[in-house]
Amino acid sequence: MTLPHQSAPPRTPREKLPEDRRHMIRRRWLTAVIIVLLVGIPAGYLVISAGQSRDSGRDKERESSAAGLQDNWPSLMKRRVFEVPVPAGAWGVAYYETSNWKTSRLYVQFTTNAGGLDAFLAGSGTSRSALTPGRITVGERDADIAGWTFADGMTWAGTTVTREEPRPRTDITVDLTDPAFPRVYAVSTTSP
């Protein structure tokens with residue numbers, strides 16, 4: 001036996017009041033602002049990123065196409081990778097990087113003071129006592145690539161810092177003609 005059940009009375013839809021003009025304009029304006037924010041911000045970010053990427057590529061292209069020393073500091077990353085800690089306050093800083101599938105080299109030159117030379121040598125893993133008077137450790141091939149000339153009549157001293165593979169080997173030659181302001185020439189070589 002089934003019991004009869006009553007169905008719920010049909011609901012009457014609430015009647016919507018017509019939207020007034022001010023409310024409609026405000027709603028459309030808010031919708032437009034939301035769309036602009038949702039589309040405009042990511043699009044703006046993409047445009048800025050593309051510009052930065054393009055500029056970065058141009059900078060790297062310009063740097064890699066340079067022949068010879070560039071009058072500038074090598075990037076902090078290069079100084080870390082090649083373990084060439086150019087001391088703060090150095091001047092006349094210039095560098096050049098070569099790279100191929102077998103070997104990468106960073107050529108760096110700078111002038112510093114006596115304390116800066118000691119800091120550079122310590123940061124490179126050596127000391128002033130390791131400098132051999134009269135020794136030029138930068139080879140002829142590397143000197144030609146960098147455009148360096150190690151003339152007679154100067155007070156030269158040099159050392160080579162050998163590190164465990166894959167860390168770089170660094171040939172350091174210092175012009176101590178003016179001991180208060182030594183000129184450093186370094187070639188750091190690494191095999192990736």
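The table below lists the values:
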{"quantity": "Per-residue HN-Hα couplings for segment 85-94 [Karplus 6.51, -1.76, 1.60; θ = phi - 60°; Hz; x = Gly/Pro]", "calculated": "x, 4, x, 4, x, 5, 9, x, 6, 8"}
{"quantity": "Potential lengthening between Gln52 and Thr132 on full extension [0.36 nm per residue; Cα-Cα distance subtracted]", "calculated": "24.1 nm"}
{"quantity": "Largest-first ordering by accessible area, 1.4 Å probe, given options Leu106, Leu30, Leu38", "calculated": "Leu38, Leu30, Leu106"}
{"quantity": "Accessible area, probe 1.4 Å, largest first, for residues Ser49, Ser124", "calculated": "Ser49, Ser124"}
{"quantity": "Gyration tensor verdict on segment 80-192 (Cα atoms; rounded if a/c is under 1.5, prolate if a/b is larger than b/c, oblate otherwise)", "calculated": "prolate"}
{"quantity": "Label-point separation in nm, Asp20 to Glu164, each point 7 Å along Cα→Cβ", "calculated": "8.1"}
{"quantity": "Mean projected area in nm² (Cα convex hull; one quarter of hull surface) for segment 132-192", "calculated": "4.6"}
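The values are calculated or read from the model by the stated rules, or taken from the named source; none is laboratory data. The model shown is predicted, which means the values in this text are computed figures rather than measured ones. Every residue, glycine among them, receives a Cβ derived from its backbone with ideal geometry; neighbour counts consider all protein chains shown. Keep in mind that these areas ignore ligands, DNA and RNA; they rest on the heavy atoms of the full protein, side chains included. Shrake-Rupley method; radii C 1.70, N 1.55, O 1.52, S 1.80 Å.
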